[in-house]
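Notes follow once the structure below has been shown.
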Amino acid sequence: MNQFITNIMENLTFVLEFIALVAVLVIVAVIAEKLIAKKNHSSEKILTTRKTAMIGMFSAIAGVLMTIELPVPFAPPFYGIDASELPVLLCGFAFGPVAGVLTEFLKIVIKLFFKPTSTAFVGELANFCVGCSMILPATILYHIKKKKSMALLGSAVGTITMTVFGTLFNAVYLLPTFAVMFGMPLEAIIGMGTELNAHVTNVFTFVAFCVAPLNLLKGAGTSVLTFVLYKPLSPILKASYENAVKKTKQA
């Protein structure tokens, strides 16, 4: 806990920027969810007690999964792949885009209690932004019309968006920021990629050969696992939510 607070105080400006970005994406999700509700003539609340509880549960699972990173052979060791987007996408499909974004944020907060940042929050910011670039389009498209075909389309669009956004975000902002914050020449980071792949010669080939495949693999894996797990879990989630709605109406 002390280490967590120390990390925040040492990187306060960056943390405040992070929180501002979270607020912006939550607002985008709220607007999207309200427009979807209007289109579908739904009076369902964006957040309820039951939804909040489920967001907390899925966030906890995602936070733990985020601490378990596996290295990939085509990227330097500071890149890894984890399964933390799986609970986030499941929660977003079940309860909407706002639930997805909040789960994405809370998973990072929970992860930081288990495993303090080693990248001055740059890695956590990357994980949040890149994760939301998949979660938002996937959940928005699915909730426009809750059909299997829309879930497939949403997952595909989300994976592509995450791959493209994650690649550009790393090239334009994250890698230069990481280099400045750690006093490491950008060329040294690129050199780590060159050791793995001779085609890596600059920042754009670095993200093309190291970052893009990572995001594509993570997006595809998350999508497949979501389709395997969502159907068995859906009746439980739906029953829990419907019971909560009935209790609210009775009260």
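The values are calculated or read from the model by the stated rules, or taken from the named source; none is laboratory data. Predicted model only: the values in this text are computed from it and were never measured. Positions of Cβ are generated from backbone atoms using ideal geometry, with glycine treated the same way; all protein chains shown enter the neighbour counts.
State yes or no: is M184 among the aliphatic types (A, V, I, L, M) and not in a helix (DSSP H, G or I)? When the stated conditions are applied, M184 passes them.
Pairing residues of region 187-206 that are under 16 Å from T177 (Cβ atoms) and touching a residue at least 24 places away in the same chain (Cβ under 8 Å) with residues that are among the acidic types (D, E) and surrounded by 19 or more Cβ atoms within 10 Å (Cβ to Cβ), at Cβ distances under 7 Å and at least 6 apart in sequence or on separate chains, gives no pairs at all. In region 158-176, what residues are crowded, with 17+ Cβ neighbours inside 10 Å and among the β-branched types (V, I, T)? Result: T159, T161, T163, T167.
Residues checked against (1) more than 28 Å from P213 (Cβ to Cβ); (2) free of Cβ contacts under 8 Å to residues at least 12 places away in the same chain; (3) in contact with a Cys (Cβ under 7 Å, 6 or more places away or on another chain):
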residue: V15; (1), (2), (3): yes, no, no
residue: A20; (1), (2), (3): yes, yes, no
residue: S43; (1), (2), (3): yes, yes, no
residue: L47; (1), (2), (3): yes, no, no
residue: G56; (1), (2), (3): yes, no, no
residue: A60; (1), (2), (3): yes, no, no
residue: L65; (1), (2), (3): no, no, no
residue: E69; (1), (2), (3): no, no, no
residue: S84; (1), (2), (3): no, no, no
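Here T48 meets the list (1) within 16 Å of the chain's Cα centre (by Cα); (2) at pLDDT below 95 almost entirely, failing just condition (1).
Per this entry, M184 is counted among residues that are aliphatic (A, V, I, L, M), more than 28 Å from V64 (Cβ to Cβ) and free of Cβ contacts under 8 Å to residues at least 12 places away in the same chain. Checking the stated criteria, L196 turns out not to satisfy the condition of being over 27 Å from A83 (Cα atoms) and either at pLDDT below 95 or over 26 Å from the mean Cα position of the chain (by Cα) (or both).
Could you identify the single residue in L90, L153, L175 that is under 23 Å from M54 (Cβ atoms), out of contact with any strand residue (DSSP E or B) (no Cβ under 7 Å at 6 or more places or on another chain) and not polar (S, T, N, Q)? Criteria check complete, one pass: L90. Of the residues making up region 146-174, those that are touching a residue at least 12 places away in the same chain (Cβ under 8 Å) and either touching a Pro at 6+ places or on another chain (Cβ under 7 Å) or not aliphatic (A, V, I, L, M) (or both) are G154, S155, V157, G158, T159, T161, T163, F165, G166, T167, F169, N170.
Considering every residue within region 102-125, establish whether at least one is outside any strand (DSSP E or B), under 20 Å from V211 (Cβ atoms), of a type in the set (D, E, K, R) and touching a residue at least 60 places away in the same chain (Cβ under 8 Å). Yes, region 102-125 contains a residue that is outside any strand (DSSP E or B), under 20 Å from V211 (Cβ atoms), of a type in the set (D, E, K, R) and touching a residue at least 60 places away in the same chain (Cβ under 8 Å). Tallying residues that are assigned to a helix (DSSP H, G or I) and either in contact with a Lys or Arg (Cβ under 7 Å, 6 or more places away or on another chain) or hydroxyl-bearing (S, T, Y) (or both) within region 17-69 yields 6.
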